[in-house]
Amino acid sequence: MTEEFTTDLDDGMLGFFRDIAGVLVRRIGIPRAEAVARINRAFGGMEIGPYPDLMCHELPEYWAYGLYYAGDVPYWEPEADAAGWEVRPAPAAGGPEWTLPEG
């Protein structure tokens, strides 16, 4: 485990997970603590191989948008409008997924 993620990761996969969190923060606009909590909810405790794990066949954007939005969202299309996309609820406040301060 790292200080932020609840999954054992080598340095390469730690960077990949941090890239996913970065997409959630920069492109979607959520706080880093929530981004990490969403990643922990999805992948916490899973066995992730060393970099490049199989999940690296998809870009961090793929994982980020899938963690935030429900269903298949065409985030890669230039005219894509997220206004109608369903947002997955964040993990419950205070849960074990929240490894960073929420503020």
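For this structure, a couple of remarks:
- Selection status of residue 6, buried (at least 16 other Cβ atoms within 10 Å of the Cβ), out of contact with any strand residue (DSSP E or B) (no Cβ under 9 Å at 6 or more places or on another chain) and β-branched (Val, Ile, Thr): yes
- Single condition residue 83 does not satisfy, out of (1) surrounded by 11 or more Cβ atoms within 10 Å (Cβ to Cβ); (2) over 17 Å from residue 7 (Cα atoms); (3) of a type in the set (A, V, I, L, M): (1)
- Taking the criterion of being part of a loop (DSSP other than H, G, I, E, B) and loosely packed, with under 13 Cβ neighbours inside 10 Å, the residues of the stretch 86-102 that qualify are 86, 89, 92, 93, 94, 95, 101, 102.
- Scanning the stretch 22-35 for residues that are assigned to a helix (DSSP H, G or I) and among the aliphatic types (A, V, I, L, M) turns up 23, 24, 25, 28, 33, 35.
- Candidates 8, 19, filtered to the one that is among the charged types (D, E, K, R) and assigned to a loop (DSSP other than H, G, I, E, B): 8
- Applying the condition of being in a loop (DSSP other than H, G, I, E, B) and of a type in the set (Ser, Thr, Tyr) to the stretch 42-82 and asking which residue is farthest from residue 19 (Cα to Cα) yields 75.
- Hey, residue 75 in contact with a strand residue (DSSP E or B) (Cβ under 9 Å, 6 or more places away or on another chain), among the hydroxyl-bearing types (Ser, Thr, Tyr), in contact (Cβ under 8 Å) with a residue 12 or more places away in the chain and within 19 Å of residue 5 (Cα to Cα) or not: no
Since every read-out is calculated from the coordinates, none of them should be taken as a lab result. The model shown is predicted, which means the values in this text are computed figures rather than measured ones. We place every Cβ from the backbone using ideal geometry, glycine too, and count neighbours over all the protein chains shown.
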